[in-house]
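Trainee: What follows is a structure written as structure tokens; I'll ask about it next.
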Amino acid sequence: SFIGEESVAAGEGSILTDNPTWIIDPIDGTTNFVHRFPFVAVSIGFVVNKQIEFGIVYSCIEDKMYTARKGKGAFCNGQKLQVSGQEDITKSLLVTELGSNRDPEAIKIILSNMERLLSIPIHG
């Protein structure tokens, strides 16, 4: 099976089943792309029994290929990635994305989440 982000965004329905399924977003960061903001990627995932098996993200502008496989770790251009090990949240950097849904109920939820995030004593 195939699920494409662009077709789902266009209103086509999709249901994730237990069948092996490719999930593809050919322009991940469409809004960035439209506005010539240089953070776009091609994202591909493969799912079996509703569990991700592997994923690939190619960051086009940076020419970086991110890969990850269930139980095998994650890599960038073949180099193993690791988390920082930082456990003190006050030394963390919070990055978020607000999404594009402007439905009043969605905005209430987004703002509520942002309020909770902003009350955490983070570094930035």
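The values are calculated or read from the model by the stated rules, or taken from the named source; none is laboratory data. From a predicted model like this one, the values you see are computed outputs, not experimental measurements. Counting neighbours? That spans all protein chains shown, and the Cβs are built from the backbone with ideal geometry, glycine included. Ligands, DNA and RNA are stripped out before the accessible areas are found, and what is left, the full protein with its side chains, is counted by its heavy atoms. Shrake-Rupley method; radii C 1.70, N 1.55, O 1.52, S 1.80 Å.
Trainee: Among what's in segment 55-69 and is touching a strand residue (DSSP E or B) at 6+ places or on another chain (Cβ under 7 Å) and open to solvent by 60 Å² or more (accessible area, probe 1.4 Å), pick the residue that is nearest to S1 (Cα to Cα). Lay out the reasoning, then the answer.
Mentor: Start the filter on segment 55-69 by keeping residues that are touching a strand residue (DSSP E or B) at 6+ places or on another chain (Cβ under 7 Å), which leaves 55-60, 64-69.
Subsequent filtering for residues that are open to solvent by 60 Å² or more (accessible area, probe 1.4 Å) retains 58, 64-66, 69.
Details: Y58: 22, K64: 27, M65: 24, Y66: 23, R69: 19 Å.
So, considering only residues that are touching a strand residue (DSSP E or B) at 6+ places or on another chain (Cβ under 7 Å) and open to solvent by 60 Å² or more (accessible area, probe 1.4 Å), the one nearest to S1 (Cα to Cα) is R69.
Trainee: Tell me which residues, restricted to segment 17-35, are in contact with a strand residue (DSSP E or B) (Cβ under 7 Å, 6 or more places away or on another chain) and either among the hydrophobic types (A, V, I, L, M, F, W, C) or in contact (Cβ under 8 Å) with a residue 40 or more places away in the chain (or both).
Mentor: Hits for segment 17-35 are W22, I23, I24, F33.
Trainee: Taking segment 58-92, which residues are part of a loop (DSSP other than H, G, I, E, B) and under 25 Å from R36 (Cβ atoms)? Walk me through it before giving the result.
Mentor: Step one: of segment 58-92, the residues part of a loop (DSSP other than H, G, I, E, B) are 60-63, 70-72, 77-78, 81-88, 92.
C60, I61, E62, D63, N77, listed by residue number.
Trainee: Would you confirm whether or not segment 77-97 contains a residue that is open to solvent by less than 60 Å² (accessible area, probe 1.4 Å), under 16 Å from the mean Cα position of the chain (by Cα) and either modelled with pLDDT under 95 or not basic (K, R) (or both)?
Mentor: The answer is no, given that none of the residues of segment 77-97 is open to solvent by less than 60 Å² (accessible area, probe 1.4 Å), under 16 Å from the mean Cα position of the chain (by Cα) and either modelled with pLDDT under 95 or not basic (K, R) (or both).
Trainee: Then there is this: With the checklist (1) touching a strand residue (DSSP E or B) at 6+ places or on another chain (Cβ under 7 Å); (2) open to solvent by 60 Å² or more (accessible area, probe 1.4 Å) in hand, flag the one item K72 doesn't pass.
Mentor: Failing condition for K72: (1).
Trainee: Could you check segment 44-57 and list, in sequence order, the residues that are in contact (Cβ under 8 Å) with a residue 24 or more places away in the chain and outside any loop (DSSP other than H, G, I, E, B)? Explain how you work it out, then say what you get.
Mentor: First, the residues of segment 44-57 that are in contact (Cβ under 8 Å) with a residue 24 or more places away in the chain: 46-50, 57.
Scanning segment 44-57 gives F46, V47, V48, V57.
Trainee: Counting only residues that are open to solvent by 90 Å² or more (accessible area, probe 1.4 Å), at pLDDT 90 or above and of a type in the set (V, I, T), how many does segment 1-47 have?
Mentor: 1
Trainee: Go through segment 102-124 and give me each residue that's part of a loop (DSSP other than H, G, I, E, B), surrounded by 11 or more Cβ atoms within 10 Å (Cβ to Cβ) and of a type outside the set (A, V, I, L, M, F, W, C).
Mentor: Pass one, segment 102-124, residues part of a loop (DSSP other than H, G, I, E, B): 102-103, 119-124.
Then keep just the ones that are surrounded by 11 or more Cβ atoms within 10 Å (Cβ to Cβ); that gives 122-123.
Residue satisfying the conditions is H123 alone.
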